[in-house]
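Participant: Handing you a structure now.
The values are calculated or read from the model by the stated rules, or taken from the named source; none is laboratory data. Please read these numbers as outputs of a predicted model, since none were measured by experiment. Accessible surface is based on the protein model in full, side chains and every heavy atom, while ligands, DNA and RNA are left aside. Shrake-Rupley method; radii C 1.70, N 1.55, O 1.52, S 1.80 Å.
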Amino acid sequence: MTEKSIIGGYGEDIACIYLEDNGYSVLRRNYWKPWGEIDIVAKQKKTGLLVFVEVKALTAGDGTYTPEGNYSYQKARRTKRACQLFSGHFPKLYHEDVGWQIDLLAITLNKIPVEDYQTDCTINHYENVDLYA
């Protein structure tokens, strides 16, 4: 495994815990198609909103790079395409009147291994980022 894949795995694990702690049910991880991938498929327990979550994770460094900076327009378009396909194949997972959205979780790992995400990480949760794709 590369360092990038290890950090990405940590990020996705932390994202799942964060989502569950904040009122989401994680339904699926790593839905992959040649034209795009969905890191996490979740549902808001309170509203039933289907949420596709893109996770970007980096280790804390000199502050030059941010996880958000790794979410490009091209990545957003590929992710949106994968989400449209997923929602078309699994229409029972969401309600037309509630719909679905794409969120971005940008995670900075301040230390590895992460023992407590609330103290060992910085998490920025951006909702409905599919508006930009």
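Participant: Rounded to the nearest 500, what is the 222 nm mean residue ellipticity of the chain from helices alone, with -39500 (n - 2.57) per DSSP H run of 4+ residues and division by all residues?
Facilitator: Helices in the chain give a 222 nm mean residue ellipticity of -9500 deg cm²/dmol.
Participant: Next up: Take every DSSP beta bridge with both residues inside the chain and express the antiparallel ones as a percent of the total, to the nearest 5.
Facilitator: 65 percent
Participant: Summarise the accessible area of the chain (1.4 Å probe, protein heavy atoms) by the percent that is carbon and sulfur.
Facilitator: 49 percent
Participant: Name the most mobile residue of 50, 85, 93, meaning the one with the largest mean-square fluctuation, in a Gaussian network model of the chain with Cα contacts below 10 Å.
Facilitator: Sorting by GNM fluctuation, first place goes to 85.
Participant: Given Cα pairs under 8 Å that are at least 6 residues apart, what percent is the relative contact order of segment 1-57?
Facilitator: 30 percent
Participant: Mind running the shape call on segment 33-82? Use the C-alpha gyration tensor, a ≥ b ≥ c as the square roots of the eigenvalues: rounded below 1.5 for a/c, prolate if a/b tops b/c, oblate otherwise.
Facilitator: oblate
Participant: Accessible area per residue for the chain in Å², computed with a 1.4 Å probe and the full protein assembly in place, what is it? Walk me through the numbers on the way to the answer.
Facilitator: Values: 7680 Å² over 133 residues.
Solvent-accessible surface per residue comes out at 58 Å².
Participant: Contact order normalised by length for the chain, with contacts defined as Cα pairs under 8 Å and 6 or more residues apart; what percent is it?
Facilitator: That works out to 24 percent.
Participant: Which number do you get for Rg(Cα) / (2.2 N^0.38 Å) in the chain?
Facilitator: Ratio of Cα Rg to 2.2 N^0.38 Å: 1.03.
Participant: Just list whichever of 56/111; 46/92; 46/75 have alpha carbons separated by over 20 Å in the model shown.
Facilitator: Values: 56/111 16 Å; 46/92 17 Å; 46/75 29 Å.
Long pairs (Cα-Cα over 20 Å): 46/75.
Participant: What whole-number distance in Å separates the alpha-carbon centres of segment 72-109 and segment 24-68?
Facilitator: That distance is 9 Å.
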